[in-house]
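This report concerns only the one structure given below.
Every read-out reported here was derived from the displayed coordinates using simple, explicitly stated rules and does not represent laboratory data. Predicted model, so just to flag it, every value in this text is computed and none were measured. Neighbour counts are summed over all protein chains in view; Cβ atoms, including those assigned to glycine, are modelled from backbone coordinates with ideal geometry.
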Amino acid sequence: MPLPRLLNRIGVYGFLGAMALLSVFPFIWMIVGTTNSTGDIILGHLGLGHAFLDNTQKFFTQANAPLIFWNSAKISLLGTALTLAVSSVAGYGFEIFRSPGRDWLYAGLLLTIMIPFAVLMIPLFMIMGRLGLINTHIAIILPTVASGFVIFYFRQATKAFPSELRDAARVDGLKEWQIFLYIYIPTMRSTYAAAFVIVFMATWNNYLWPLIVLQTNEMKTITLVISSLASAYYPDYGVVMVGALVATLPTLIVFFAMQRQFVQGMLGAIK
Amino acid sequence: MLCFKRASWKPALAATVFAATLLTAAIAEAKTITVWCWDPNFNVAIMKEAGARYTKAHPDVTISVVDFSKSDVEQKLQAGLTSGVAESLPDIVLIEDYGAQKYLQSFPGAFMPLSGIVDYKGFAPYKVELMTLDGKVYGMPFDTGVTGLFYRKDYLEAAGYKPADMQHLTWDKYIEIGKAVEAKTGKKMIGFDFSDGALTRVMIQSAGKWYFTKDGKLDIENNPALRAALDVQQKIMQANIYKPATGWNDWVSKFTSGDVATIVTGVWITGTIKAQKDQAGKWGVTEIPTLNVPGAVAASNLGGSSWYVINSSKVKAEAADFLNTIYAKDVDFYQAILQDRGAVGSLLAARSGKAYDAPDAFFGGDKIWQSFSNWLSQVPSVNYGIFTNEVDAAVAVQLPKLAKGSVDDAIKAIAAQAKTQIQ
């Protein structure tokens with residue numbers, strides 16, 4: 001390899017390596033933090049310590065870990081499933097069926113993505129109050145089910161869904177809902193997978209709305225519990241790190257399990 | 001078969017009705033008071049202790065403490081009060097003292113006045129003042145941040161100062177001692193975090209002043225206490241007797257690692273100091289230095305929070321009685337929370353208890369809690385207003401510039417920034 005190219009390579013890899021380290025560092029810091037005592041964490045100790053068992057034990061005594069984990073899992077899985085079910089039908093419908101007000105309606109839907117949640121929070125909270133849904137997990141799931149972004153995502157993906165497939169199915173006598181169920185869903189599997197990863201992560205990490213709606217310790221999600229642990233006048237950072245690790249694991253697992261489909265889905269299900 | 005069914009039907013129904021009556025009776029009797037607060041090791045634990053004590057005497061009332069972070073409590077409270085969804089609010093909520101007037105003034109009628117129920121004469125006056133609006137007192141005073149000057153006896157001894165020399169200091173004398181300490185021991189006098197207006201707040205309250213006048217108007221440009229406070233901090237910088245700190249944890253590490261000779265802060269730091277077991281016997285505590293302005297005393301406050309009863313609560317009478325019974329009368333409770341959690345409450349009578357009277361071995365057998373209790377009763381009352389955090393941020397911006405710039409410019413800049421922030 002000629003010298004200029006070699007130098008170029010070194011420069012590129014050096015830069016990429018530094019950037020990679022920069023983005024992975026918080027994660028490493030979290031892992032290292034779970035093994036260190038709070039004192040060591042404050043001093044910026046970067047090596048592995050011996051406090052992992054101690055921190056873990058404290059985390060599990062201070063927080064009802066199985067319950068809050070279950071709360072988060074229930075909300076995320078149910079919420080994601082419902083969101084995918086409703087929003088994918090909507091996205092499909094918007095693309096496939098023509099109707100007079102379609103584009104206006106769709107434009108309106110896209111506008112909803114731009115409204116910050118903080119603006120919607122209080123009215124939504126009042127609605128939940130009237131419905132008697134304060135301090136329920138349904139109140140967290142419901143508002144996200146018809147998601148403007150996911151509908152948009154599915155409509156874009158549907159553009160690549162070949163009309164020949166649909167026509168052939170119609171000729172074979174399938175009804176519209178059957179086409180969706182038996183032709184569309186299997187074809188778009190990777191689109192669904194990508195949407196699953198996105199929606200699951202968003203629901204799992206959701207903080208503001210669950211905070212407003214949930215009222216008791218028994219109903220809390222894991223994000224709220226970590227926030228509470230970290231809020232002490234003298235936070236036990238080792239315990240907080242264990243909490244953060246426990247909270248990160250499911251999103252990691254979901255992502256790595258579906259990584260291939262995710263990338264495929266982002267690129268378009270059909271090539 | 002049919003006959004059997006018919007025969008067994010009536011007693012079964014009777015039993016059910018009986019059981020149901022019992023159950024509703026039990027539900028009507030049992031009452032739950034819900035409390036929101038932050039910090040599982042401090043406020044939450046203390047409130048649980050208070051709840052256990054009350055339930056012992058009133059078995060029909062249980063206290064349910066829900067913990068959120070401080071900003072989360074504020075966010076939820078704000079959402080609940082703004083939306084008017086009554087069932088979304090707790091019965092009792094903890095509010096930081098600096099923010100009390102903001103809530104009382106922004107949400108009139110939202111909190112239950114406790115004057116008439118609670119005997120406020122028993123509490124530190126400054127604590128009562130900050131929760132008073134239009135002649136009514138709203139909260140139950142809780143923990144205090146009464147300040148002290150903590151100092152390393154060994155460092156000061158080496159510089160030629162005995163504990164007796166550390167009493168009744170002025171800030172000028174403090175700086176003079178600081179120079180001597182550095183010359184003799186090489187240690188800095190104080191850890192200083194420029195992004196934190198804490199020291200400024202401690203100083204101005206000791207002179208009975210705040211960023212606002214008693215009637216809530218911004219008081220920056222002609223505030224002698226603020227000028228004096230910035231003056232002192234400028235002198236500390238120019239004498240170079242401080243160790244710079246970035247953020248809270250770093251600031252704490254300055255004294256836990258033995259890098260600085262003194263700390264000027266709230267009483268709640270005591271637990272952190274005592275956690276350094278190898279420094280036992282090396283620390284002393286005395287009153288804070290006085291500011292060179294008329295009316296300044298050697299007592300001030302930093303932080304602290306108080307309990308408030310939500311007016312729309314269905315159990316507000318019980319909630320008020322609970323707070324009154326434990327926090328306004330139970331001296332023994334205050335001994336327990338001091339011992340277990342290092343919490344100093346604002347009830348002055350608490351000092352007559354055992355824990356407050358005990359000598360502290362860590363501080364060389366001094367009765368430090370009696371001292372803090374003395375200073376507590378002397379903390380001047382000020383009006384924290386509704387924009388303390390905004391002005392505090394403006395002060396923090398100017399602090400680092402003091403090393404080279406003038407106090408006049410800093411005050412002008414603080415006033416300008418505060419005005420734009422508040423309007």
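A compact table of results
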read-out: The range B:147-302 - share of DSSP beta bridges that are antiparallel (%, nearest 5); value: 60 percent
read-out: Chain B: DSSP helices with Cα axial extent of at least 30 Å and average Kyte-Doolittle hydropathy no lower than -1.0; value: B:2-29
read-out: Flagged links, alpha-carbon separation over 23 Å, of B:LYS214/B:LYS412; B:LYS127/B:LYS419; B:LYS127/B:LYS235; B:LYS76/B:LYS136; B:LYS136/B:LYS314; value: B:LYS127/B:LYS419; B:LYS127/B:LYS235; B:LYS76/B:LYS136
read-out: Computed [θ] at 222 nm, helices only, for the protein assembly as shown once each DSSP H run of length n ≥ 4 contributes -39500 (n - 2.57); value: -18000 deg cm²/dmol
read-out: For the range B:320-349 and the range B:24-97, distance of Cα centres in Å; value: 17 Å
read-out: Compactness of the range B:178-233, expressed as Rg and Dmax over alpha-carbon positions, Å; value: 14.5, 48
read-out: Within straight-line cross-link reach of B:LYS184, aspartates and glutamates at Cα separation under 13 Å, skipping those fewer than 8 residues along the same chain; value: B:ASP154, B:GLU157, B:GLU176
read-out: Shielding by partners - mean other protein chain Cβ count within 10 Å, residues of A:201-213; value: 2
read-out: All lysines inside 21 Å of B:LYS367 as judged from Cα atoms, apart from same-chain residues fewer than 8 positions distant; value: B:LYS153, B:LYS162, B:LYS274, B:LYS277, B:LYS282, B:LYS354
read-out: Bridge type composition, the protein assembly as shown - antiparallel percent by DSSP, nearest 5; value: 60 percent
read-out: Acute angle (nearest 10 degrees) that the helix A:148-158 long axis makes with the longest principal axis of chain A, alpha-carbon atoms; value: 60 degrees
read-out: Fraction of antiparallel bridges per DSSP, chain B only, in percent to nearest 5; value: 60 percent
read-out: Cα-based equivalent ellipsoid, the range B:114-245: semi-axes from gyration tensor eigenvalues, Å; value: 35, 19, 12
read-out: Per-bin percent of Cα-Cα distances, chain A [10 Å]; value: 6, 21, 25, 23, 15, 7, 2, 0
read-out: For the range B:128-171 versus the range B:188-267, the gap between their alpha-carbon centres in whole angstrom; value: 13 Å
read-out: Translational D in µm²/s for the protein assembly as shown (Stokes-Einstein at 10 °C, 1.306 mPa s, Kirkwood Rh from C-alpha pairs); value: 54 µm²/s
read-out: Chain B: C-alpha pair distances exceeding 31 Å, %; value: 45 percent
read-out: Using alpha-carbon coordinates, inclination of helix A:65-96 to the longest axis of chain A, degrees; value: 30 degrees
read-out: Within straight-line cross-link reach of B:LYS56, aspartates and glutamates at Cα separation under 12 Å, skipping those fewer than 8 residues along the same chain; value: none
read-out: Value in Å of the Kirkwood radius, where the range B:24-170 supplies the Cα pairs that are averaged; value: 18.4 Å
read-out: Relative contact order computed over the range A:62-267 (Cα-Cα under 8 Å; 6+ residues apart), in percent; value: 33 percent
read-out: Only Lys, Arg (+1) and Asp, Glu (-1) charged, at Cβ; the protein assembly as shown dipole about Cα centre in debye; value: 1380 debye
read-out: Model label zone, A:ASP54; criterion: amide N under 14 Å from point 7 Å along Cα-to-beta-carbon; scope the range B:271-301; value: B:276-277
read-out: Whole-Å semi-axes of the range B:32-91's equivalent ellipsoid (Cα gyration tensor); value: 23, 16, 5
read-out: Chain B: relative contact order in percent, alpha carbon pairs under 8 Å with at least 6 residues between; value: 25 percent
read-out: Bins of 5 Å, starting at 0 and running to the largest distance - Cα pair percent for the range B:240-360; value: 2, 8, 14, 16, 17, 14, 12, 8, 5, 3, 1, 0
read-out: In degrees, nearest ten, helix A:102-114 long axis to first principal axis of chain A (Cα); value: 10 degrees
